[in-house]
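See structure below.
What follows is calculated from the coordinates using simple rules that are stated; it is not laboratory data. Computed from a prediction, not measured in an experiment: that's the story for all the values here. Note: ideal-geometry Cβ built from the backbone for every residue, glycine included; neighbour counts use all protein chains shown.
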Amino acid sequence: MIIPKDNRLSPEKERELEAITGEFGISLHRIVGDHRTIYAMVGDERHELLITRLEGLDYVERVDTIQTPYKLMAKDSELANHRIRINGTVIGAGFTVIAGHCTIDPKNPSLFLESAQAVKEAGADMLRGGVWKPRTSPHSYQGDARALDILMEAKARTGLAVDTEVMDTEQLQLALDAGVDMLQVGARNALNYGLLRDIGRSIKNRPTAVLLKRGMHMGKLEEFILAAEYIAAQGNPNIVLCPRGTTPTMDGYRNHPDESITVLLKEKTWAPVIVDPSHSVGKAAYVPFACMAAAAYGAHGLIVETHVNPKAGIGDDPKQAVTPDVLARIIRDARAIHAMQAEQVQELAQAS
Ligand code: PEP
Ligand code: MN
């Protein structure tokens with residue numbers, strides 16, 4: 001829909017609009033209102049250049065598109081019935097919990113192996129463990145490829161599928177070669193289109209999935225879903241969306257908690273939503289509440305930093321990680337809330 005600044009456009013301006021839209025195979029229908037004439041576009045209006053050219057005209061106030069710019073990730077796309085299967089778990093079908101260290105300490109492998117066993121016993125479906133870490137300071141611990149061996153050892157011992165973050169193509173290749181089940185794209189790389197494309201291309205013929213975090217400065221949901229579209233466009237749509245809090249922060253929390261966007265994402269896309277409350281609130285004491293909230297908003301699961309001895313952890317673990325006993329309670333309560341939420345959705349649908 002093209003909304004001009006003036007109430008009526010001159011025939012020359014209308015001809016110019018027709019010429020531009022015509023170049024993109026779109027026909028224009030004039031809708032004459034009492035006060036204003038607006039123009040409906042009939043055809044595929046999702047061309048970025050078309051919108052840019054129309055918005056560049058000094059007599060156009062704005063251009064509203066009805067179709068979403070994401071063709072593959074949209075709720076009504078041909079991928080709507082796609083199911084992400086990892087190691088026997090279908091993400092999106094129930095309530096999936098991924099838990100484990102923020103960061104695997106390569107100097108202390110037994111700590112991670114212990115946590116892996118403990119999160120399994122607490123009821124987690126998958127294991128997380130940071131091998132490489134995006135750190136604000138180049139002088140902080142950056143990760144270590146030896147931690148990848150520890151992660152894979154934990155996978156072998158527990159039978160749990162594993163998730164780890166990759167930040168470049170070298171790490172991507174190492175993770176794939178090792179057999180990582182889920183590649184995490186962190187908040188700092190959420191709009192790194194080159195990396196998103198590389199990841200998409202490299203998992204094309206594999207069962208591997210991607211956990212795509214929401215960018216920390218991201219405002220629009222569209223931007224988040226379009227980042228997923230970059231991966232899906234390469235041929236493997238095993239993509240899980242992960243809200244993890246945004247900046248500016250909320251006083252007292254590490255970030256601005258954003259689990260509430262789950263309900264909006266579920267309206268727009270078929271992709272499952274797994275919420276990360278650990279990086280959102282940033283403090284272990286608040287994590288259980290954020291987990292409950294995520295379940296109440298209809299999340300398909302959680303990714304929770306969990307450590308057998310947070311004080312002995314590195315990375316975010318001393319501050320953020322919950323202990324396995326707390327994780328067990330989170331899983332019990334979040335699953336109950338998840339079931340209640342699903343029931344309520346059904347009741348509301350029947351009542352309407
Ligand atoms: C993490 O999961 O440990 C992490 C660094 O997450 P984010 O990219 O959301 O900051
Ligand atoms: Mn972390």
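Can you find, among Val42, Val32, Leu57, the residue sitting farthest towards the positive end of the charge dipole of the stretch 2-65, where Lys and Arg contribute +1 and Asp and Glu -1 at Cβ?
Towards the positive end, the residue furthest out is Val32.
When the chain is treated as a GNM, springs tying every alpha-carbon pair under 10 Å, which of Ala99, Ala294, Ala342 comes out with the largest mean-square fluctuation?
Ala342
Could you tell me how far the Cα centroid of the stretch 297-341 sits from the Cα centroid of the stretch 278-294, in Å?
Answer, in whole Å: 8.
So if I place +1 on the C-beta of Lys and Arg and -1 on the C-beta of Asp and Glu, and nothing else carries charge, what would the dipole magnitude of the chain be about its Cα centre? I want it in debye, nearest 20. Don't jump to the answer; show the numbers that get you there.
On the way: 39 positive and 45 negative charges, 129 e Å.
Here the size comes out at about 620 debye.
When ranked by the protection proxy of mean other Cβ atoms within 10 Å per residue, highest first, what sequence do the peptides 279-291, 38-50, 296-308 form? Could you put the intermediate results ahead of the total?
Values: 279-291: 20.7, 38-50: 15.6, 296-308: 25.8.
Averaged packing, sorted descending, gives the order 296-308, 279-291, 38-50.
How large is the helix-only mean residue ellipticity at 222 nm for the chain, computed as the sum of -39500 (n - 2.57) over DSSP H runs with n ≥ 4, divided by its residue count, in deg cm²/dmol to the nearest 500?
-11500 deg cm²/dmol
Which of rounded, prolate or oblate describes the stretch 84-351 when judged by the alpha-carbon gyration tensor and an a/c cut-off of 1.5?
Details: a/c = 1.35, a/b = 1.14, b/c = 1.19.
In terms of gyration-tensor shape, rounded.
Going by average Cβ neighbours within 10 Å, how do the peptides 76-82, 130-136, 209-215, 153-159 rank, with the highest at the top?
Working: 76-82: 12.7, 130-136: 18.4, 209-215: 25.1, 153-159: 16.3.
Top of the packing list down: 209-215, 130-136, 153-159, 76-82.
If a helix is a whole DSSP H run, which ones in the chain reach 30 Å or further along their own axis (Cα) and hold a mean Kyte-Doolittle hydropathy of at least -0.5? Each step should come with its number before you reach the end.
Numbers: long enough: 324-351 (40 Å, -0.08).
Span-like helices in the chain: 324-351.
Taking 30 Å as R0, compute the FRET efficiency from the Cβ-Cβ separation of Arg188 and Val345 and round it to 0.05. Display every interim value, and only then the final one.
On the way: r = 34 Å, r/R0 = 1.13.
FRET efficiency, Arg188 to Val345: 0.35.
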